[in-house]
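To start, the structure itself, in structure tokens.
The values are calculated or read from the model by the stated rules, or taken from the named source; none is laboratory data. Keep in mind it's a predicted model, so treat the numbers as computed, not measured. With ideal geometry, Cβ positions are generated from the backbone for all residues, glycine too; neighbour counts draw on all protein chains shown.
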Amino acid sequence: MRKSRPHASNHSLQAQRAAAACLRRLGEPALNARCQSASPLEAMRAIADRLEQEAPDGNHAWVVRAAGRATDSSLQPGNVSAWPLWFGDQRAGSERPLLYMAHSGSLAGLHAALSESKGHGIFCNHMEALRSRWPRGMHPSVPLWLSSDADGTPYDPASGAEALAIFRSALQALYLDGRPGFFYLSAHGDDSDDTPALTDSNVKSAFKGMYRISRVRGVPAASIRLLGAGNALQHVRHAAALLRNDWGIGCEVWSCPSYTRLARDGREADRWNMLHPLSKKRTSHLQSCLSSSRAPVVAVTGYARHVASQIGAMVPSAFTALGADSHPQQSQLSPQWIAAVALKLLGDAGDISKRLAGEALERYALTALS
């Protein structure tokens, strides 16, 4: 059973100072440049390494590496095993910002890590970097539980730059703004050299759940919006190129590090509007991003499709979600399959001829999958 988590009132001035010092260190140009071309896994390791280095002012974070190190002699002041957290009192466990580098594909393993930290901190799970029978190296119960547990907010960064931006924002939210609970980041090991750099506006939007990567070019016959999370974003960007080059379809591409945060924000806005009918209507981040167009939306995730389908009821246009379970004979979503599904959605919406989806299945040799 998870222990009760510390609330905002438990954060001492020492913890706040340590968090502020960590944010300064994570804002160094060298680290930002390293994360820009790194995978999320490489970026999180670089973040952990930087936090473990001796802080001149004595303000540092706890870093737990569940997989361990080669020798105990390599431990730094900020690198601790989980046992002091487990046996420490509640106040001592919250005195430092916590980065827990977890390594578990099961729900039991994640619960154990949360119990050791009293359910408070930033968790990075790099299980998907290894081979597994499950999508992204996770048992299906893990993303399902993460999307339903109100104490935690899961993120699936597509690049090292996204991982750094989300980690910094989570550090601010937990230890300076006093937000309870935990943040969870998955960390794939795919390279992201061609991922666009994040602007200051995109950094804030990434933490809210989504930001735009590319707009529609020219004046196409029809347009569609493609959303992708984690390593699925690369497939989405390739699918957008296929749609533009092979079919003349305009594509707007969005990175969505957290479908769960978008869905919760949308539900909170809907609930507030229901309870305050005479007040100014609140708009969720998802609605702000997608309300300017009625173009259909395809949301893609590397997990099961239910992760992306959370936002479906809030999308103001034709919508479909794709995930690792979208086709039983595919080991992963291909750009060709995403493009074919996009053409089908556009055909059903009456924006293009329905024949184009069938032609795409033939052209990309996907008919054998039916």
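Worth a mention:
- Region 306-325, subset part of a loop (DSSP other than H, G, I, E, B) and surrounded by 19 or more Cβ atoms within 10 Å (Cβ to Cβ), residue farthest from the chain's Cα centre (by Cα): VAL315
- Tabulated pairs, region 310-326, first assigned by TED's automatic domain parsing to the domain that holds ARG264, second charged (D, E, K, R) and part of a loop (DSSP other than H, G, I, E, B), C-beta under 8 angstrom, 6+ apart or interchain: PRO316/ARG294; SER317/ARG294; ALA321/ARG305; LEU322/ARG305; GLY323/ARG305; ALA324/ARG305; ASP325/ARG305; SER326/ARG305
- Residue in region 196-216 that is of a type in the set (Val, Ile, Thr) and surrounded by fewer than 17 Cβ atoms within 10 Å (Cβ to Cβ) present: yes
- Per-region count, region 333-363, residues in a loop (DSSP other than H, G, I, E, B) and free of Cβ contacts under 8 Å to residues at least 40 places away in the same chain: 3
- Hey, SER147 closer than 14 Å to TYR303 by Cβ, of a type in the set (Ser, Thr, Tyr) and under 13 Å from the mean Cα position of the chain (by Cα) or not: yes
- Identity of the residue in region 196-209, in contact with a Lys or Arg (Cβ under 9 Å, 6 or more places away or on another chain) and not charged (D, E, K, R), that ends up nearest to ASN32 (Cα to Cα): VAL203
- Within region 189-206, considering residues that are outside any helix (DSSP H, G or I) and farther than 12 Å from GLU162 by Cα, the one modelled with the lowest pLDDT: ASP193
- None of LEU226, LEU262, LEU242 is outside the structural domain of ALA163 (by TED's automatic domain parsing), within 18 Å of ALA158 (Cα to Cα) and part of a helix (DSSP H, G or I) except LEU262.
- Residues in region 223-245 that are surrounded by fewer than 21 Cβ atoms within 10 Å (Cβ to Cβ) and of a type in the set (A, V, I, L, M): ALA241 alone.
- Residue match in region 115-124 (condition: more than 24 Å from ALA308 (Cα to Cα) and part of a helix (DSSP H, G or I)): yes
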